[in-house]
Structure formats: structure tokens, C-alpha cells
Amino acid sequence: MSRYFCHEYPEVLSVLTSVVDARPGAVLLGETPFHPGGGGQLADRGVLRWSEGGVRGVGGEAAGGELWTLLAAAIAISGAVQSAVDPAFRDLMTQLHTGTHILNALVFQDFRGALVTGAQMNDDGTARMDFDLPDADNNRLRGPLEAGINDVIRQDLPVRYRYVSIDDAAAERGLIRNRSVAPPPDADGLVRVVEIVGLDRQACGGTHLASTGRSRPVRILKIDNKGRHNRRVRIGLATAG
Ligand SMILES: [Zn+2]
């Protein structure tokens, strides 16, 4: 496996496949739509069904170029398997992840290349992002930043992918945005670049909306200081209705 199925076919959330290898509590499938998580994104959740039963898929584990699916129980699976990601959970992660890119892009542009020091998306529709941002007024930051994010959502900018060599990625200023977690190159030595067209390009292995307009509005819940060089921004997706 050189690329994740969910990178090649982001809209396909259910696949009929078969077992390649198994160990207690985990299975390696011929194909699987599960994203293993990473870079602050939670691993996909879902269900695996086969002729004799079903089991919840609770995560993924990328190891040795293979993507294993972690199971809620140590159960033996055989034969044909339908591997299906929970669409609501994936959509939540994808919206939050796209939102953090927009936030990240605006901070990067407004604060002369401020880098990300951490990120975490949560299953309650919130996320946080930490920036190396030593000198800013949190209260003055909040309103314009929230307006800026929602303006990008309203513009419905398309999101595109391409693959570049690790050397080219390292040479482009700002492409590796996260100071602590750079995405690993694929087996073929390439790094995946996510572009929000007209706004931002950065290396990332997560899942993202096909265009920014598919996101619910984003609120900035809180901005606070976590150390001299660590500004924590919490965002949340507006609840429906
Ligand atoms: Zn991303």
C-alpha cells in the first residue's frame, strides 16, 4: 500500500473487500476506507460486516506501509467483508479539519508565518489549534479571525491535492506548517499537499471537504495563552438549526 484508500477515493465510505491478515483485535483488509487518524484528526469509526457477524471498527493503525483496522472486540473475521466508515463521524472530522486549515492559513498570513505547535479535533464538534504566537491581543484577534474563517467558507473555495517530493516540500516556505508533526512521506517518498485554492497550501495526510462551502459556520470559542509562545485557539462548528 502506498496511499490510503481514503486519499484516493475520499467520497467512498464503504468497501466490499476480504481479509488479508489478522491478529487479535485488528484486521488487515484488502482495501479499507478507514482513515487512521493523526495530526490531531481522530481515526475513523465504523463497522465491519461479514457472513457470520459484525464488529465495530474503532480506529486504524498504519504500520510497515499497511493500514490495519482496529476492532472493538478480539473476534475472528473471514471471507468477504463490508468495511464501512461512520459517515457522520467522518463528516465531522472532515469539517473540523478543513476549519483548522482555514484558521491556520489566516494566522499564518496575518502573523508572518506563525507555525502550529499542536492540534486536536474532538468528537463533540470542537477543535483546538496551538500556535507559536508570542505577541497578540487575544480579544482583538477573536472577532476578525472568526469573520475571516466564515468568509472563506462563504467563498466556497475548492480543495485540491497533489504529491511532491520531500525535498520540494521542505524547500517551499510554509508548506510544512506544523513545527512538531510533519506528515510522513508515502512509500514512494512523496508528501501529500492540500491546497485550498487561492488561500493556502500545506502538507497534510488528513481528510478535508471538497470545497470550503460544505462546512457549517465556525465559531471561535476561546483564545488563551498556554505559555509565552503558545496561543491556543478553540473552534467549534455551529450547531444545526
Ligand atoms: Zn489537513
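Once backbone amide H atoms are built at 1.01 Å from N, Asp86 has Arg45, Gly46, Val47 as its partners under 5 Å, excluding neighbours fewer than 5 places away on the same chain. For every helix of n ≥ 4 consecutive DSSP H residues, a contribution of -39,500 (n - 2.57) applies; sum these over the chain, divide by its total residues, and give [θ] at 222 nm rounded to the nearest 500 deg cm²/dmol. Here the helix-only value at 222 nm equals -7000 deg cm²/dmol.
Whole-Hz Karplus values for region 14-23 come out as 9, 9, 8, 8, 9, 7, 9, 7, 8, 9 Hz, taken residue by residue from phi with 6.51 cos²θ - 1.76 cosθ + 1.60 and θ = phi - 60°; glycine and proline positions read x. Using alpha carbons only, how many degrees (0 to 90, rounded to 10) separate the axis of helix 138-155 from the longest principal axis of the chain? Tilt relative to the chain: about 60 degrees. Please check which bits of region 59-73 a label hung off Asp21 would reach, taking the label as a point 7 Å along Cα-to-C-beta and the cut-off as backbone N under 15 Å. Under 15 Å, as judged by backbone N against the label point of Asp21, lie 61-70 of region 59-73.
Placing pseudo-labels 7 Å out from each Cα toward the beta carbon at Ala80 and Arg142 gives an inter-label distance of 5.5 nm. Between the Cα long axis of helix 87-110 and the first principal axis of the chain there is an angle of about 30°, rounded to the nearest 10. Figure note: His97, His229 ranked by solvent-accessible area, largest first, 1.4 Å probe, ligands and nucleic acids not counted: His229, His97. For Arg177, the amide hydrogen comes within under 5 Å of the amide hydrogens of Ala203, counting only partners 5 or more places away or on other chains and with H modelled in the peptide plane. Computed over protein heavy atoms with a 1.4 Å probe, the accessible surface of the chain works out to 48 Å² per residue. Expressed as a whole percent, the accessible area of the chain that falls on carbon and sulfur atoms is 49 (1.4 Å probe).
The values are calculated or read from the model by the stated rules, or taken from the named source; none is laboratory data. The structure displayed is predicted, hence computed values, not measured ones. Ideal geometry is used to build each Cβ from the backbone, glycine not excepted, and the neighbour counts take in all protein chains shown. We work out accessible area using only protein heavy atoms, side chains counted, and drop any ligands, DNA or RNA first. Shrake-Rupley method; radii C 1.70, N 1.55, O 1.52, S 1.80 Å.
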